[in-house]
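Peer 1: Please see the structure below; I have some questions.
The values are calculated or read from the model by the stated rules, or taken from the named source; none is laboratory data. Keep in mind the model is a prediction, meaning the values are calculated, not measured. Quick reminder, even Gly has a Cβ in these numbers, built from the backbone with ideal geometry, and neighbours come from all protein chains shown. Ligands, DNA and RNA are excluded from the accessible area calculation, which covers all protein heavy atoms including side chains. Shrake-Rupley method; radii C 1.70, N 1.55, O 1.52, S 1.80 Å.
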Amino acid sequence: LSLRQPVEDILPEVARSRPAGAPPITPWHLLSHTSGLIDLDVAGLLSRSETHEEAVRALLEEPHRSAPGERYAYATSTFDLLGALVAKIDGRPYPEALRARVLGPLGMADTTFDPRTLHADRLVVPLTSPQPGAAPFDDATIGALIRFAMPGAGLWSTASDVLRFGRAFLRGGELDGARILPPAHVALMTREVTVNGLGRTANPLDDAHYALGW
């Protein structure tokens, strides 16, 4: 996976959604939320789609907000496109690739797309973002999240597993002898990229300080 390679080289359907004259979307754009793709409402996206592949197609059918690389705009949906890209390159479904390449080596046994696999006394009631008027996910939406295994909105974990993930990055991509990334890649991932105006807002306190997926 090259961060600068056009996504459409691997997923040709992305090319059909590109506005005339716009540069191609790259994994760098997807990871830094500068792709220009719109952020679809998760509940609405699930209600419109039967499979994760259909959800990705629905994303690509929406008008673009801006040209790739032009500005920062957070979009959870773009991680679903990134997940499809990883699956195509890896040759297996995204959850399997994630388990083999990250979760397994780091010993994150309680991180899953299906929380029903965890013992009931280890679960808490899920909450959505604390925005005015936001409703908690209902059972149907949670069921759809489990079925879709959405990279941008569907992974469940425990505090101890999240700590293991964080410790691996503090150690430059390694934990307990298992290396998931070289130190240079960790340094690249955690370096701010929404600089030079990409993440600027009317209020400097609201400026976006984003790295690649962080």
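Conditions tested, residue by residue: (1) in contact (Cβ under 8 Å) with a residue 60 or more places away in the chain; (2) in contact with a strand residue (DSSP E or B) (Cβ under 6 Å, 6 or more places away or on another chain); (3) aliphatic (A, V, I, L, M); (4) not in a loop (DSSP other than H, G, I, E, B).
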position: Ser35; (1), (2), (3), (4): no, no, no, no
position: Arg65; (1), (2), (3), (4): no, no, no, no
position: Phe79; (1), (2), (3), (4): yes, no, no, yes
position: Arg99; (1), (2), (3), (4): no, no, no, yes
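Peer 1: Let me ask something else. Being open to solvent by less than 60 Å² (accessible area, probe 1.4 Å) and touching a strand residue (DSSP E or B) at 6+ places or on another chain (Cβ under 9 Å) narrows it down to one residue among Pro24, Pro95; which is it?
Peer 2: Answer to the check: Pro95.
Peer 1: Additional query: Out of segment 185-211, which residues are assigned to a helix (DSSP H, G or I), closer than 16 Å to Trp28 by Cβ and open to solvent by 70 Å² or more (accessible area, probe 1.4 Å)?
Peer 2: His185, the sole residue that qualifies.
Peer 1: Gly83 fails exactly one of the following numbered conditions: (1) touching a Pro at 6+ places or on another chain (Cβ under 9 Å); (2) free of Cβ contacts under 8 Å to residues at least 40 places away in the same chain; (3) buried (at least 21 other Cβ atoms within 10 Å of the Cβ). What is the number of that condition?
Peer 2: Every listed condition holds for Gly83 apart from (2).
Peer 1: Of the conditions (1) closer than 19 Å to Thr194 by Cα; (2) touching a helix residue (DSSP H, G or I) at 6+ places or on another chain (Cβ under 8 Å), Ser32 satisfies every one except a single condition; which number is it?
Peer 2: (2)
Peer 1: Would you mind telling me which numbered condition in (1) touching a residue at least 12 places away in the same chain (Cβ under 8 Å); (2) within 26 Å of Arg164 (Cα to Cα); (3) of a type in the set (Lys, Arg); (4) not in a helix (DSSP H, G or I) Arg116 fails?
Peer 2: (4)
Peer 1: Would you confirm whether any residue within segment 12-19 is part of a loop (DSSP other than H, G, I, E, B), among the basic types (Lys, Arg) and either open to solvent by 30 Å² or more (accessible area, probe 1.4 Å) or in contact (Cβ under 8 Å) with a residue 24 or more places away in the chain (or both)?
Peer 2: Within segment 12-19, one or more residues are part of a loop (DSSP other than H, G, I, E, B), among the basic types (Lys, Arg) and either open to solvent by 30 Å² or more (accessible area, probe 1.4 Å) or in contact (Cβ under 8 Å) with a residue 24 or more places away in the chain (or both).
Peer 1: Still on this structure: Quick check on my filter: what residues within segment 138-180 are polar (S, T, N, Q) and more than 22 Å from Phe79 (Cα to Cα)?
Peer 2: Initially, segment 138-180 is screened for residues polar (S, T, N, Q), giving 141, 157-158, 160.
Once the filter is applied, which keeps residues that are polar (S, T, N, Q) and more than 22 Å from Phe79 (Cα to Cα), segment 138-180 yields only Ser160.
Peer 1: Let me ask something additional. Suppose we keep only residues that are surrounded by 21 or more Cβ atoms within 10 Å (Cβ to Cβ) and at pLDDT 85 or above within segment 36-76. Which one would you say is nearest to Asp9 (Cα to Cα)?
Peer 2: Pro68
Peer 1: Related question: Quick check on this structure: which one of Gly104, Gly166, Gly173 is at pLDDT 95 or above and loosely packed, with under 13 Cβ neighbours inside 10 Å?
Peer 2: Going through Gly104, Gly166, Gly173 in turn, just one is at pLDDT 95 or above and loosely packed, with under 13 Cβ neighbours inside 10 Å: Gly166.
Peer 1: Could you give every pair whose Cβ atoms fall below 9 Å, whose first residue belongs to segment 183-212 and is under 24 Å from Gly173 (Cα atoms), and whose second residue is modelled with pLDDT under 95 and among the acidic types (Asp, Glu), counting only separations of at least 6 or pairs across chains?
Peer 2: Thr194/Asp207; His209/Glu192; Tyr210/Glu192; Ala211/Glu192
Peer 1: Identify, from the list Leu30, Leu3, the residue that is in a loop (DSSP other than H, G, I, E, B), closer than 12 Å to Leu85 by Cα and at pLDDT 90 or above.
Peer 2: Leu3
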